[in-house]
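**Q** Quick one: the structure is below, and I'll ask about it shortly.
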Amino acid sequence: MKTVFQRTPTLKDCPTHYCPGCGHGIAHRLIAEVIDELGIRGSTIGIAPVGCAVLEYDYIDVDMIEVAHGRAPAVATGMKRTNPDKIIFSYQGDGDLASIGAGEILHAGHRGEQITVIFINNAVFGMTGGQMAPTTMADQITATTPKGRNVAEEGYPLCVSELLAVLPGVTYIERCALSTPANIRKAKKALKHAFELQINKAHGLSLVELLSSCPTYWRMSPPDATKWIDNKMTKVFPLGRLKG
Amino acid sequence: MTEKGQTSIGTEERVLMCGNEALAEAAILAGCDAYFGYPITPQNEIPAYMSRRMPEEGRVFVQSESELAAINMVFGASATGKRAMTSSSSPGISLMQEGISYLAGAELPAVVVNVMRGGPGLGNIAPSQSDYFQATRGGGHGDYRTIVFGPSSVQEMADCMSLAFELADKYRMTAMILADGFLGQMMEPVVLKKRPSPELPPKDWALTGAKDREQNIVRSLWLGEGVLEDLNFKLDDKYKQIQKNEVLCEQYEVDDAEIIVVAYGIAARIVSGAVTRAREEGIKVGWIRPVTLWPFPTEQISKAADEFRLFLTVEMSTGQMVEDVKLAVAGKAPVVFYGRPGGGVPTVDEILDKIRQLTIRHKTQDSRLKTQDKR
């Protein structure tokens, strides 16, 4: 019988700790596939965030480090500057990148660090129990916005990718959604392009934002959650290439 | 002297340098691959020097956007097996404590320089020794230690640097140079030469890309039951080894001394002047100068306290190291403190006066004790 699909070797064969319908598993698989397709497992170093994906190294079989909340772009800077031939990627959630680590991502982009950032935007803090993130939608109910996010007091959803796109040090930004098979294929293409830019030593930072579902803290079924990405999130966070 | 090819550095020749620059050049001689830092007074000579010299050597210099970023850049470079350092002054070191704690948890080597200034808060930019607690107790969250050097001359600023890199690698932890604004700014003759490096354990844990091997993971999160407790005990064993093997301290005229002055860093330089003058007056006084502040020379001080003596601790703070002196003396002798905080620098005369006062007190106590013995 002909094998038409198999687990890519860099994705470990192990049970998942993620909730049903969570987008992290899809994102991990795409990254592992891209690493294998580009043949860069032996030269890649990954940076895991603080958040649900802190144990990312249990799934992706490359050299990995776990760092303080939000500091991944600074850690990546230290790695890349001392190892210009290695491929460095960080994997960060919206609490990590858009809230506590807003300074680090801004300045890594500002300096034009030659790193790849994978930004998972699921509009909540997942691991700590579904609190409001900077990317939380207007009126969205979270653990810390029981009446829904009040934009007058808590601000509008923060579009970090649009902010970063204006920096000359940022080479490539694309926003994709882990919602439908077509969107997931586009996400893989974007990830591959981001890594290729780094492999080819293109100047500057490459970032792929992935809109990803969190059925547990959105209080939805997994199918409803994917629909919510396409119907609600993409209205505030439009898909497509923002730069490069 | 700083022009490439025209330097006396690396030879036996004495050169005149300020402490901050001597320390920076010593780091380069010690094989520092990368420097990351953020401007703050009174240590700005270090990043300025490194921004020129590191690229000359084909090494890395990055001015970070904050001290938070600087220590995390060190974290990243160190995780790949490179020798990395940062420098700052008191408020900046407070910001770095998160990263220093993570370095301890992940068991990564790093060298951090704190050229202390007055605090708390923004304080001032005058020399101070008020970060002793922060440096010697770990500083950040969690159960950990850092190796801390308290140099007292420009030469020692340089010498501690190569030892700091060596011990950081040997024990996979942070080594800190705890200097002050005085030492950083003042100029003294210094001999800068490469220290022969002993054989160190291979960095087989480093993240270099998992080519033809299993993945390496650098982490500080341990969720399994009892796993973190095991790590804490493992770290504690390491710290006990360091306390056994790495204590450095200097003693002067201690054998017949009735008063022993304990001081470190620039305060110890002033103390040594006061002690010399007190000796000229016939006062039996000596000094003990901890060079490593952690591990602290507890044994040496405890031994000195076995003879009935009086201890005077002099610091540029309201009294921090004095607690370690008291722990070492363990009630065997009185411990008196004299300190000038907030950028105040004690003079030789002030300390000499204090020693004279104590001589009178010591004689009175001594005769009281002798009377008690007779009873």
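No lab work stands behind these numbers, since they all come straight from the coordinates. Bear in mind the structure is a predicted one, so any value in this text is a computation, not a measurement. Cβ atoms come from the backbone with ideal geometry, glycine included; neighbour counts cover every protein chain shown.
**Q** Residue-wise, which Karplus ³J(HN,Hα) couplings in Hz belong to segment A:219-231, taking 6.51 cos²θ - 1.76 cosθ + 1.60, θ = phi - 60°, and x for glycine or proline?
**A** Each residue's phi maps through the Karplus curve to give 6, 9, 6, x, x, 5, 5, 5, 5, 5, 4, 5, 8 Hz.
**Q** Moving on. Please return the longest stretch of chain A lacking exposed loop sites, where trypsin sites (Lys or Arg not before Pro) count only if DSSP places them in a loop and at most 12 other Cβ atoms lie within 10 Å. Don't jump to the answer; show the numbers that get you there.
**A** Values: sites that count: A:K2, A:R7, A:K147, A:K201, A:R219.
Counting at most 12 other Cβ atoms within 10 Å as exposed, the longest clean stretch of chain A is A:8-146.
**Q** Relative contact order for chain A: what is it in percent, counting Cα pairs under 8 Å that are at least 6 residues apart?
**A** Answer for chain A is 19 percent.
**Q** While we're on this one: Under the rule of -39500 (n - 2.57) per DSSP H run of 4 or more residues, summed and divided by the residues of the protein assembly as shown, what mean residue ellipticity at 222 nm is obtained, to the nearest 500 deg cm²/dmol? Present the calculation step by step, with values, prior to reporting the outcome.
**A** Numbers: 20 runs with 237 residues, N = 619.
Counting only the DSSP helices, I get -12000 deg cm²/dmol.
**Q** Can I ask one more? If I take R0 = 60 Å and measure r between the Cβ atoms of B:E350 and B:E199 in this structure, what FRET efficiency does the formula 1/(1 + (r/R0)^6) give, to the nearest 0.05?
**A** According to the calculation, E is roughly 0.80.
**Q** Check A:Q131: other-chain or 5+ apart residues with amide H under 5 Å from its amide H, H built from backbone geometry?
**A** For A:Q131, whose amide H was placed from the backbone, the distant partners under 5 Å are A:F125, A:A143.
**Q** OK, next. Karplus couplings for segment A:140-151 from phi (6.51 cos²θ - 1.76 cosθ + 1.60, θ = phi - 60°), rounded to Hz, Gly and Pro as x?
**A** 5, 7, 9, 4, 10, 10, x, 9, x, 5, 8, 5
**Q** For segment B:51-110 and segment A:140-177, what is the separation of their C-alpha centers, rounded to whole Å?
**A** Going from one Cα centre to the other spans 30 Å.
**Q** Right, another one. Which net charge results for the neighbourhood of B:G76, defined as the other residues with beta-carbon distances under 10 angstrom from its beta-carbon, given Lys and Arg at +1 and Asp and Glu at -1?
**A** Within the 10 Å Cβ shell, the charges total +4.
**Q** Would you mind pulling out the separation of the Cα centroids of segment B:128-201 and segment B:257-315, in Å?
**A** Taking the Cα centre of segment B:257-315 as reference, the centre of segment B:128-201 is 21 Å away.
**Q** Let me ask something else about it. With the crude spin-label approximation of a point 7 Å out along Cα→Cβ, what separation in nm comes out for B:K240 versus B:V227?
**A** 2.5 nm
**Q** Next question, about the same structure. Normalising by the residue count of chain B, find the relative contact order in percent from Cα pairs under 8 Å and 6+ residues apart.
**A** 17 percent
**Q** Here's something else I'd like to know. First select every other residue whose beta carbon is under 13 angstrom from the beta carbon of A:N200; then total the charges, Lys and Arg +1, Asp and Glu -1.
**A** Surrounding charge for A:N200 is 0.
**Q** While we're on this one: Sequence-distant or interchain residues sharing an amide H contact under 5 Å with A:G148, placed H: which?
**A** So A:G148 has HN proximity to A:T142.
**Q** While we're looking at this one, here's another question. Restricting to DSSP loop positions (anything but H, G, I, E, B) with no more than 12 other Cβ atoms inside 10 Å of their own Cβ, which GluC sites (Glu not before Pro) remain in segment B:230-323?
**A** B:E281
**Q** How would you classify segment A:115-159 from its alpha-carbon gyration tensor, with a ≥ b ≥ c the square roots of the eigenvalues: rounded for a/c under 1.5, else prolate if a/b is greater than b/c, otherwise oblate?
**A** Working: a/c = 3.21, a/b = 1.55, b/c = 2.07.
Here segment A:115-159 falls in the oblate category.
**Q** Something else: By a straight-distance test (C-alpha under 20 Å), which lysines pair with B:K82 as possible cross-link partners, with residues fewer than eight away in the same chain excluded?
**A** Here the lysines satisfying the reach criterion relative to B:K82 are A:K80, A:K86, B:K170, B:K194, B:K203, B:K211.
**Q** Set the Förster radius R0 to 30 Å, insert the Cβ-Cβ distance between B:T318 and B:A48 as r into 1/(1 + (r/R0)^6), and round the FRET efficiency to 0.05.
**A** In this case the efficiency is close to 0.40.
**Q** Here's another thing I want to ask about it. If the cut-off is 20 Å between C-alpha atoms, which aspartates and glutamates fall inside it for A:K235, apart from same-chain ones fewer than 8 positions away?
**A** By straight Cα distance, A:K235 reaches A:D94, A:D139, A:E154, A:E162, A:E174, A:E209, A:D224.
**Q** With only alpha-carbon atoms counted, please give the Rg and Dmax of segment B:109-148, in Å.
**A** Computed over the Cα atoms of segment B:109-148, radius of gyration and Dmax are 11.3, 31 Å.
**Q** Something else: Which shape class, rounded, prolate or oblate, goes with chain B when its Cα gyration tensor gives a ≥ b ≥ c as root eigenvalues, a/c under 1.5 marks rounded, and past that a/b bigger than b/c marks prolate?
**A** Prolate shape, in that a/c is at least 1.5 and a/b is the bigger ratio.
**Q** Where in segment B:12-53 does the label zone of B:F133 land, with the point 7 angstrom along Cα→C-beta and an amide N cut-off under 14 Å?
**A** No residue qualifies, since no backbone N sits under 14 Å from the label point.
**Q** For the pair A:S221 and A:I100, how long in nm is the line joining their label points, each one 7 Å along Cα→Cβ?
**A** In this crude label model, A:S221 to A:I100 measures out at 3.5 nm.
**Q** At q = 0.05, 0.08 Å⁻¹, what log₁₀ I(q)/I(0) does a Debye calculation on the Cα points of the protein assembly as shown give, no solvent, two decimals?
**A** Rounded to two decimals, the profile gives -0.28, -0.64.
**Q** What is the order of A:L205, B:L16, fewest Cβ neighbours within 10 Å to most?
**A** B:L16, A:L205
**Q** Run down the lysines and flag those whose C-alpha is under 30 Å from the C-alpha of A:K232, throwing out any fewer than 8 positions away in its chain.
**A** A:K147, A:K186, A:K188, A:K189, A:K192, A:K243
**Q** Kindly put A:T135, B:T276, B:T174, A:T142 in sequence by how many other C-beta atoms sit within 10 Å of each C-beta, fewest to most.
**A** B:T276, A:T142, A:T135, B:T174
**Q** Just check chain A against the gyration tensor rule for me: Cα atoms, a ≥ b ≥ c as the square roots of the eigenvalues, rounded for a/c under 1.5, and otherwise prolate or oblate depending on whether a/b exceeds b/c.
**A** Values: a/c = 1.61, a/b = 1.20, b/c = 1.34.
Note, shape of chain A comes out oblate.
**Q** Only Cα pairs within less than 10 Å get springs; with that Gaussian network setup on chain B, which residue of B:L23, B:L221, B:L108 has the largest fluctuation?
**A** B:L221
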